[in-house]
Amino acid sequence: MSTHEKKYVIIGNGVAGTTAAETLRKNDPNCSIVLLTNEPYPLYNRVSLPRFLQGVIVEQKVMIKDFAWHEQRNIQLITETLVTQIQTEERLVETSDGRTFPYDALLIASGGWANSLQVPGAKDTKHIYNFVTLDDTKTLIERMRESRTALAYGGSFIAYELCDGFAMRKLETTWLMRGPYWLRNSLDADGGEVVDNIAKKFGVEVIHGDEIEEIVPSNGVPGYVKTTKGRQIQADMIGIGLGITLNTHLVKETPIEVHHGIVVNEYLETNVPGVFAAGDVAEFFDTTLNRHHTMGTWDNATSHGRIAGTNMAGGHTPYVDVPTYTSPLFDVNIAVVGSAESSNPELDTIALREPGEKGNENYRRLFFRENKLVGVLMIGSPKGRKKLVELVKNQDVFATAAEREALLTLK
Ligand SMILES: Cc1cc2nc3c(=O)[nH]c(=O)nc-3n(C[C@H](O)[C@H](O)[C@H](O)COP(=O)(O)OP(=O)(O)OC[C@H]3O[C@@H](n4cnc5c(N)ncnc54)[C@H](O)[C@@H]3O)c2cc1C
């Protein structure tokens, strides 16, 4: 009896897709693996892009894999190729250049693309940038070299990273956000003030509660930015951090279930057998929280890639992890662990703000559900983070207020 060589197709060569390809090869030396991406590069580190933007590291340090790595493992990496359709009945993937790739198992690890600025004047004005890809970063760096003033727009991580990059390269930087403070879905007003104070130390002007109404161009480049509250902000370049839209459009014409992301079970398989999703685009079943959600972190995408690769090759391993996001925040650190959602009415929170190192402050906010620690947000000193991650993982109960408050100072 002849055995059929298994065919695997992976859409997206970010950390989720590339880790899955590596895992598949380890589990099955004879299978064929096709890894498709619209970008021109093998895997690079998105988490390192801010440091490349700031000029702290060079481009080579951003790269993680090269083409030879794929050849050595017989992983067929096809770059600059957009997947346009998935046919789940025929088990085929189609690309924009008319090629088709048959699969026995498919992984969708397509991440998300940046939302653009949709205000009058933005469309026809140059020097308005997103910040998600290596190419975005190279373009930003080029423009920073010719600019004196910059505006970072948005209230979440990408806008902060842009602001940090502009300030580190000594541009006169304004940071404008619609919300009352940064990361409004996880911080409170106190935590927001801690972040503002750090940004101000680096010369950044921080403006809350205002929005870009219009870009007023001058010869096709930003003359100034007009806000809804009547401000006029001078900016030679504008960096946009208005979130990403998950790349779920690919499955629109298929029976694959989509909610916010592509819905998968704890084995990362969709409702269509043989089709898996991993990384940012996957709306996965979180066994710690007992519900589905999406998570845009490097560690989560890496673990997803490993589990998806294992299960595509016939394994049956559930995804059990506490997602953690850690990032530098100017000259301190920020860590977000588990579910740190201010808007979730099921969660109770407590917070502590205290003096920290280098003239900064430490801020810690803890999120409890039914007296179990489910989320942590820390700015400043990372001491105690590992212990808190373990407590989230273990689902221990902290029945009294004193027990819960003791966690605010746990080192
Ligand atoms: C600037 C920046 C800083 C970050 N910093 C941190 C940090 O400090 N800590 C942290 O934990 N996380 C950070 N993140 C988030 C983290 O990088 C992501 O969660 C992670 O990279 C997601 O990996 P992924 O493989 O799921 O998707 P992605 O890395 O987005 O890869 C998906 C790939 O699929 C491609 N693709 C999409 N659709 C198609 C299609 N139709 N055809 C072909 N190819 C397609 C995309 O172009 C992309 O190349 C940061 C992200 C950015 C942008």
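At-a-glance table
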read-out	value
Selection count, the range 272-296, where residues are part of a strand (DSSP E or B) and either open to solvent by 30 Å² or more (accessible area, probe 1.4 Å) or within 13 Å of the ligand (Cβ to nearest atom) (or both)	8
Count of residues meeting criterion [surrounded by 14 or more Cβ atoms within 10 Å (Cβ to Cβ), within 9 Å of the ligand (Cβ to nearest atom) and assigned to a loop (DSSP other than H, G, I, E, B)] in the range 83-112	3
Test for LEU246: is it touching a helix residue (DSSP H, G or I) at 6+ places or on another chain (Cβ under 7 Å), over 26 Å from PRO180 (Cβ atoms), within 16 Å of the ligand (Cβ to nearest atom) and open to solvent by 10 Å² or more (accessible area, probe 1.4 Å)	yes
The range 297-343 - residue that is small (Gly, Ala, Ser) and within 8 Å of the ligand (Cβ to nearest atom) and, of those, farthest from CYS163 (Cα to Cα)	GLY305
Filtered residues of the range 162-211 (kept if over 14 Å from ALA235 (Cβ atoms), among the hydrophobic types (A, V, I, L, M, F, W, C), open to solvent by 10 Å² or more (accessible area, probe 1.4 Å) and part of a loop (DSSP other than H, G, I, E, B))	LEU183, PHE202
Residue that is farthest from the ligand (Cβ to nearest atom), among those in the range 17-47 that are under 14 Å from ASN311 (Cα atoms) and open to solvent by 10 Å² or more (accessible area, probe 1.4 Å)	ASP28
Exclusive hit being more than 16 Å from the ligand (Cβ to nearest atom), open to solvent by 10 Å² or more (accessible area, probe 1.4 Å), in contact with a strand residue (DSSP E or B) (Cβ under 7 Å, 6 or more places away or on another chain) and part of a loop (DSSP other than H, G, I, E, B), set GLU214, GLU266	GLU266
Qualifying position, being surrounded by fewer than 18 Cβ atoms within 10 Å (Cβ to Cβ), at negative phi and either of a type outside the set (S, T, N, Q) or not in a strand (DSSP E or B) (or both), among ASN344, ASN311, ASN333	ASN344
Subset of the range 221-233 [open to solvent by 30 Å² or more (accessible area, probe 1.4 Å) and out of contact with any Leu (no Cβ under 9 Å at 6 or more places or on another chain)]	VAL221, TYR224, LYS226, THR228, LYS229, GLY230, GLN232
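The values are calculated or read from the model by the stated rules, or taken from the named source; none is laboratory data. Predicted model, so just to flag it, every value in this text is computed and none were measured. Positions of Cβ are generated from backbone atoms using ideal geometry, with glycine treated the same way; all protein chains shown enter the neighbour counts. The accessibility values were calculated without ligands, DNA or RNA, using every heavy atom of the protein model including side chains. Shrake-Rupley method; radii C 1.70, N 1.55, O 1.52, S 1.80 Å.
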